[in-house]
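Okay, so here's the structure we're looking at.
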Amino acid sequence: MKQIYVFAEGNMEMRALLGGKGANLAEMTNLGLPVPPGFTMTTAACHDYQQQHALSDTLLAELDEHLQALEQATGKRFDDPTAPLLVSVRSGAPISMPGMMDTILNIGLNDQTVQALATLTADTRFAYDSYRRLLAMFGNVVYGLSESAFDDVLTAIKQEKGYTSDLALTTDDLKRIIQAFKQLYTDAGKSFPQSPKAQILAAIVAVFESWNNRRAVIYRRENHIPEDLGTAVNVQTMVFGNAGEDSGTGVAFTRDPATGKRALFGEYLLNAQGEDVVSGVRTPQPVAVLHEQMPEVYDQLAAIATTLEQHYRDMQDLEFTIEHGELYLLQARNGKRTPAAAVKIAVDLVNEGLIDRQEALMRIEPKSLSDMLHPEFDPQALAAHDVLATGLPASPGAATGEVYFTAAEAKAAHEAGHQVILMRQDTSPEDIEGMIVSQAIVTARGGMTSHAAVVARGMGATGVVGMHALSVDEHAKTATVGDIVLHEGDWVSVDGTTGHLYRGRITTTAAMVKESLATLLDWAKAASRMGVYTNADTPKDLQQALAFGADGIGLTRTEHMFFQPERLLQMRRLILAKDAEGRKAPLAALEKMQEQDFYDLYRLATGKSVTIRLLDPPLHEFLPHDLREINEVANELGLEQNQLRERMAALKEVNPMLGHRGDRLAVTFPDIYAMQVRAMMHAVFRLADEGVTVTPHIMIPLTNSETELRWVRRLVSNEIEQMTSAKGIQVTYEVGTMIETPRACVTADAIANAADFFSFGTNDLTQLTFGYSRDDVGSFLPAYLEKKILPADPFQTVDTEGVGTLMKMAIDKGRATKSQLPIGVCGEVGGDPDSVAFFDSIGVSYVSCSPYRVPVARLAAAQATL
Ligand code: PEP
Ligand code: MG
């Protein structure tokens, strides 16, 4: 089978074979864009190489043919003393892995051709500059000589001459550098091959090998990229961005990758080559400046950007080179972007008619939405801090943490439980492990497309780059700004939206929903079968969830309302009272407080349904836990310590999660549930007086049978009916039940007779189905995941095989009794996208999750129907 394709033979559908870069070069060539000619060696050739650890004879023969064809097409030849052919050799996997694998430019240069190039371009300095770059890249990539050894040579000569920039290096300096580079080869027992053919073969092998280098392996693991894809190799005629001040190289996005705003966005450097822009070593100019410097080139670039966006129907990331005023396109691909930019771009593309709503909804990863809902710094707290330094706002968000200056130290600190911020002079792909664990990444050098910026955006981490006032010394473990010195472990705060760095910890506030997200969520709602409700115990939670578009409350855990000091005291009075008489006063006090709680929630929900669950946890959770507390509580309640201890001993349970909790409390202490129902009804009456109609949804936890539910239901209805007849009004209400024990699932047809709705408590259902204590899984679950005995934590992603089967049974049985029975899920997995898709498939009517996951669940629910 053919293992090499010239660009014109491929197209964008051939990613698997030609890699992303190769497929795109092919597509662009066929679009008539100015792409320097070349060819792609397939991923199949890579697999072949991986097996044989050598380039096969057939591949070598094909390569010869293609090199000859390229020589003919360009009128240049390898080793030609007058017109030498120079090529780049680049990796390109089917899924983009930016900077993780190797590239070598300027292949074909040697001691002879460097002179030919000098004559040909009438620029000796440029020729020698290109040659020294080849020596460094080749040495590093092919022989593994350290990048810094080459850098040190360059730095030493610059220092000796008092230069501040590489551009100041003269031809003579460059010749000296080349000699010194060759010496580095000699010192390592190597030599630089003078034959272009030997160079290209070594480069191809090195690219194939780089599929398995450490950083590529880590990147694939982190991004769930399969190990067996392999990489293609692109061989392409060189064009030179370093051929003088009328030349340059740059990276452009067709829209702003941080915000999604529509405008040509990017940066470039004049008289520079390839990696200079993205490596972050020199800080480039914004593309807008090109408009002034080379208006025609800018216009052409803008036109190409539009062509590409129309063609690919998505935001593009372009690499371009200008050689003596002539524009070339080296790469175009779908650009990486922040989650916020992804949403804005998807919505804008629909409005521009390039894609439809369905496609927009499918383009966004549900989990990424929680990343874009990053909190922002509390403006008041922020105002109390002075800006220490400012850089380029590369990736939005507000982050606070302890500062570390190397990836390894950041990783170690993270593993020790610290919240870390990685601060570097600039980052390279080797820093990936440290970047993954950091809240924010800050670099002193580099531009908006530097490695640090691209990676931070991809991960949804906060990022600020090019902070020139900052100087990082990783050996001394310090960073300085003016006369302020930051030491390892110092707290700093980073604002990725403004680019500001602050000393100390700054508190953050709730997130706001941007307009385009609201639009996307509206589309998602319209497209979904399932509703998305929130779990909320406070008006603050509810407000946040409503701002995210929640349909109402699916679960209020009333016990959470009892944990404030004054309420806790009343609760303790209630629990420790000797008889019904002693319970009266605390019940009355609690009733008042709960009334206000419920009133606030109902009022805020303005007509949206609010499901309130009656008390669930075992009572001893409300009692003191240590000696000091026992002492205090005994004093407060006017009890002897011994009396308190006796009562505590009586309430103590061996297995509290299987003990005296849920609706079992209603059977033994009916007055607690009665109190909660009264509080609810008082709130309903107050709102009725204000002209607001509320239909309370009352939920009973831990039900096991129809008889049990009927008993509790009677308790609830008696209370309601007494109150409504006394008040003389009608209130519609619903009494439903949690389905959270296997027995409830199995007898759901009977239970449905007594229930107006079901809501799966998957936390308890998972606990009881597996026999895993929710609170103790930490001691063994990691081992199960690591040994792949479990595919995922069943408390985070529903176990479809076991728990899911019980749920399906309960749904089928429940609906056999009542075909229209509303059935929700309010456990933790209700906000997990994979679980949401499963719930949609088994006929769940709605999920309920924590406020910040409402947008995630909403999008997942839409995607499940599309
Ligand atoms: C559940 O069990 O899934 C549930 C929502 O209730 P809780 O977590 O309060 O037990
Ligand atoms: Mg539960």
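The values are calculated or read from the model by the stated rules, or taken from the named source; none is laboratory data. Remember, it's a predicted structure, so these values are computed and weren't measured experimentally. Cβ atoms come from the backbone with ideal geometry, glycine included; neighbour counts cover every protein chain shown. Side chains included, ligands, DNA and RNA excluded: accessible areas come from the protein's heavy atoms. Shrake-Rupley method; radii C 1.70, N 1.55, O 1.52, S 1.80 Å.
The GluC sites (Glu not before Pro) found in region 775-866 that occupy coil by DSSP, while having at most 12 further C-beta atoms within 10 Å, are Glu801.
Our summary of shape: the Cα atoms of region 572-692 have principal axis extents of 52, 31, 26 Å, ordered from largest down, in whole angstrom.
Of the residues Gly504, Gly824, Thr400, the one whose Cα sits farthest toward the positive end of the charge dipole of the chain, with +1 on the Cβ of Lys and Arg and -1 on the Cβ of Asp and Glu, is Gly824. Given R0 = 45 Å, the distance between the Cβ atoms of Val692 and Gln50 translates into a calculated FRET efficiency of 0.05.
Along the axis of the charge dipole computed for the chain (Cβ charges of +1 for Lys and Arg, -1 for Asp and Glu, origin at the Cα centre), the listed residues Gly691, His418, Ala456 are led at the positive end by Gly691.
Restricting to bridges with both residues inside the chain, how much of the DSSP beta-bridge set is antiparallel, in percent to the nearest 5?
Around 65 percent antiparallel, to the nearest 5.
Label separation (His224 vs Gln183): 5.2 nm, computed from points 7 Å beyond Cα along the C-beta direction.
Mean sequence separation of contacting Cα pairs (under 8 Å, at least six apart), scaled by the length of the chain, corresponds to a relative contact order of 9 percent. Each peptide in 232-242, 32-42, 143-153, 644-654 was scored by the mean count of other Cβ atoms within 10 Å over its residues; highest first, the order is 232-242, 32-42, 143-153, 644-654.
Given a 1.4 Å probe and heavy atoms of the protein chains only, how would you sort His625, His620, largest accessible area at the top?
These residues rank, largest area first, as His625, His620.
The share of C-alpha pairs in region 383-532 whose separation exceeds 18 Å stands at 56 percent. Note on Lys578 and Glu147: with the Förster distance fixed at 60 Å, the Cβ-Cβ geometry gives a FRET efficiency of about 0.15. Ranked by the mean number of other Cβ atoms within 10 Å per residue, highest first, peptides 69-82, 108-121, 693-706 order as 693-706, 108-121, 69-82. Put simply, the amide H of Gly554, placed in the peptide plane, has neighbours under 5 Å in Thr534, Asn535, Ala536, Thr611, leaving out anything fewer than 5 places away on its chain. With Cα atoms as the point set, region 490-555 shows a radius of gyration and Dmax of 16.4, 49 Å.
Each residue was assigned an accessible area with a 1.4 Å probe, and for Arg333 the value is about 60 Å².
Here region 671-713 is described by how far its Cα atoms reach on the three principal axes: 39, 19, 13 Å, from widest to narrowest. Phe548: net charge of surrounding residues, Cβ under 10 Å, Lys/Arg +1, Asp/Glu -1, itself excluded? That sum, taken over residues with Cβ under 10 Å, equals +2.
Relative contact order, whole percent, for region 389-526 stands at 31, derived from Cα pairs under 8 Å and 6 or more residues apart.
Take every Cα pair under 8 Å whose residues are at least 6 apart in sequence, average their separation, divide by the length of region 157-269, and the relative contact order is 11 percent.
Expressed as a whole percent, the accessible surface of the chain that belongs to carbon and sulfur atoms is 50, based on a 1.4 Å probe. Only one residue of Pro226, Ala188, Ile200 has its Cα farthest out toward the positive end of the dipole of region 150-230, where Lys and Arg carry +1 and Asp and Glu -1 on Cβ, and that residue is Ile200. Could you tell me which helices of the chain pass both thresholds, a Cα extent of 27 Å or more along their own axis and a mean Kyte-Doolittle hydropathy of at least 0.0, with helices taken as whole DSSP H runs? Membrane-span-like by this rule: 124-143, 670-689. Taking the three principal axes of the alpha carbon atoms in region 103-222, the coordinate ranges are 44, 32, 28 Å, sorted in descending order. For the pairs Lys261/Lys344; Lys161/Lys182; Lys21/Lys197; Lys367/Lys608, flag any whose C-alpha to C-alpha distance is greater than 19 Å. Violating the 19 Å limit, Cα to Cα: Lys161/Lys182; Lys21/Lys197; Lys367/Lys608. Highest mean first, the peptides 357-363, 317-323, 162-168, 851-857 sorted by other C-beta atoms within 10 Å per residue fall in the order 851-857, 317-323, 357-363, 162-168. Pairwise Cα distances in the chain exceed 53 Å for 29 percent of all pairs.
Under the convention that each Lys and Arg Cβ holds +1 and each Asp and Glu Cβ holds -1, the size of the dipole of region 84-141 around its Cα centre is about 80 debye. Using bins of 5 Å that start at zero, the share of Cα-Cα pairs per bin across region 459-585 amounts to 2, 7, 10, 11, 10, 9, 9, 10, 10, 9, 7, 3, 2, 1, 0, in whole %.
Taking the Cα centre of the chain as origin and assigning +1 to Lys and Arg Cβ atoms and -1 to Asp and Glu Cβ atoms, the resulting dipole is close to 1800 debye.
For region 540-669, what is the charge dipole size about the Cα centre, in debye to the nearest 20, if Lys and Arg each add +1 at the Cβ and Asp and Glu each add -1 at the Cβ? Computed charge dipole of region 540-669: roughly 160 debye.
Out of every Cα-Cα pair that region 379-462 contains, those further apart than 23 angstrom amount to 18 percent.
7 Å from Cα along Cα→Cβ at both Ser819 and Asp57: what's the point-to-point distance in nm? Here the modelled spin labels are 7.4 nm apart. Taking 0.36 nm per residue of separation and subtracting the Cα-Cα distance, full extension of the segment from Gln194 to Thr538 would add 116.5 nm.
Expressed as a fraction of 2.2 N^0.38 Å, the C-alpha radius of gyration for region 1-134 is 1.13. Of the residues Phe563, Phe839, Phe192, ranked by 1.4 Å probe accessible area with the largest first, the sequence reads Phe563, Phe192, Phe839. Taken along the Cα-to-beta-carbon direction at a fixed 7 Å, the label points for Gln643 and Val387 span 6.4 nm.
Near Leu601, once Lys and Arg are set to +1 and Asp and Glu to -1 for all other residues with Cβ below 14 Å from its Cβ, the sum equals +1.
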